[in-house]
1. Sorted from fewest to most neighbouring beta carbons within 10 Å, what does the list Leu378, Leu284 look like?
2. Counting only the backbone N, which residues of segment 106-123 are under 20 Å from the spot 7 Å out from the Cα of Asp94 toward its beta-carbon?
3. Give, in nm to one decimal, the length gained when the segment between Val419 and Ser369 is fully stretched (0.36 nm per residue of separation minus the Cα-Cα distance).
4. Binning every alpha carbon pair distance of the chain at 20 Å from zero, what are the percents per bin?
5. Of Ile346, Ile322, how do they rank once you tally other Cβ atoms within 10 Å and put the fewest first?
6. Be a star and scan segment 374-389 for residues whose amide nitrogen sits under 15 Å from the point 7 Å along the Cα-to-Cβ vector of Val339.
7. What is the spin-label model distance, in nm, from Ser411 to Asp317 if the labels are put 7 Å beyond Cα along the C-beta direction?
8. Treating segment 291-368 as a set of equal point scatterers at the Cα positions, no solvent, please give the Debye-formula log₁₀ I(q)/I(0) at q = 0.16 Å⁻¹.
Amino acid sequence: MASRRGLALLVALVLGLAACTEEASPPQPTAPPDAFASTPTIGPSTTTRPAPTTTLDLERVVLQRVDPVSLEPISAFEPIPMGDWMWGSTTSADGRYLAATINHDEGGNSELRLVDLQSWIPVASWAESGDLIVQVDELGNIYYVTDQVGPEFRIAWAGGTDSTLVASLPNYGFWGANPVTDRLFVIYGTKIAEPGSDHPEQVMVATIDLDNDGAFTEIRVPVQVGRVDPYSQGPWASYLNTSPSFTWDPIGSRLLIVHGAEDAVTEVDPVSGAVAAHPVAGTLDPGLGARRSSVVSPDGRSLYIATRSVELIEDDDDWMVITRPAGVQAIDTTTWETVGRNDEPISDIWVSPSGTLLGSGYTTEESESVSWSESTGLYLLDGSNLNVRVHYPPETPDQWWGPVTFTDSGSIAYASTWVQTPRVNAIEMATGEFLSTAEGTETLEMIGPVGVLASTR
């Protein structure tokens, strides 16, 4: 399984090649940052399995109810089969339902599956791929985007066997979506820029209104994404790409877009369509290709922004692209002033429901003859001032971290990592103590709010 750094470099290579061949073919919307991410993984259990008796028993991935501290399976709950691969897991707000897309080794078919966690039984499945599961409501209905025959927004009804088409979508690059109300959804990503733009791509934001026959309504947001204006006209300048970040603020019912090409945050109200750009303080030149990561505090008052800077070094004979973690800053979402900063080498962040942060970072170098990465480890940060509580140095130079989920209260974090094999570490957020670790070889995903581990048996 490729490391996150390798995947990041692959994304850069794909974007770079796309830019270099732009004159030969129309530009395509930029893929989400994790478009090339591998399926999350954990390995087989150490127990001996009985001979399979059903088709479900042949499925290698299972859901297990686990102890939140030890990560040991709770014996009262039989494992629930979930295909041979599983991704995109999403739970309902009340924690009763879990939906995920699964895939089968034989035939490679995808399937959208719904599990009732309260009754601990699978209750429905649809022969479709939920490429982006937007919401599972408290009745078990699944709202999702699929691209099996072109981009579509659909609803899979919990009581039936068929899904309903809500809206056919443009051929954009969809990065994420969130429910605004029970009947309105905001969806965002990238698209080819409008005619007359100085750049080939821009950010896309739109709403899908169920009360208006699924109307897809775009909100004009002129935020740059993808290739930046190179300060060099050399053959490797196309490696300079900007990547903004999108953060949904459920308290303020607004979408916050951190620009990659400049130090600014654009605030979008999906209900009114109002858009406001807010300059924020910065400490680097984002015009060279900054990559952003952002999260909003549980009360919606602070926006935390982490940045990875990008540098291109080239001469007549060679070139090198270097990315570096450039730290975290806290922005007041009312005044848009910087209220905290930490210059530790952090480029990716996650916030717990209690407001404490975890961050990680890594440096990469790539040229025609070199492909190298080095982790800076994992950081536990105080959400009020961004001070480092604990720094966990990397076990190996290429150890990456993420994704991270939390218990419903935020007292425990479940941080995924990779050291020869995938792991999930349970971390007590109050002290930073590592409580336990689960390891494996293939699918591994801890769904923290509901205490469920998905693993390959």
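Please treat every number below as a calculation from the coordinates, not as lab data. As the structure is a computational prediction, the values presented were derived from the model and not from experiment. Don't worry about glycine lacking a Cβ; one is built from the backbone with ideal geometry, like all the others, and counts go over all protein chains shown.
1. Fewest to most other Cβ atoms nearby, the residues stand as Leu284, Leu378.
2. 114-123
3. Length difference between fully extended and current span is 15.5 nm.
4. Over the chain, the share of Cα pairs per 20 Å bin runs 24, 59, 17, 0 percent.
5. Fewest-to-most ranking of Ile346, Ile322: Ile322, Ile346.
6. In segment 374-389, the label zone of Val339 (backbone N under 15 Å from the point 7 Å along Cα→Cβ) covers 382-387.
7. According to this spin-label approximation, the distance is 6.2 nm.
8. Debye output, listed in q order: -0.62.
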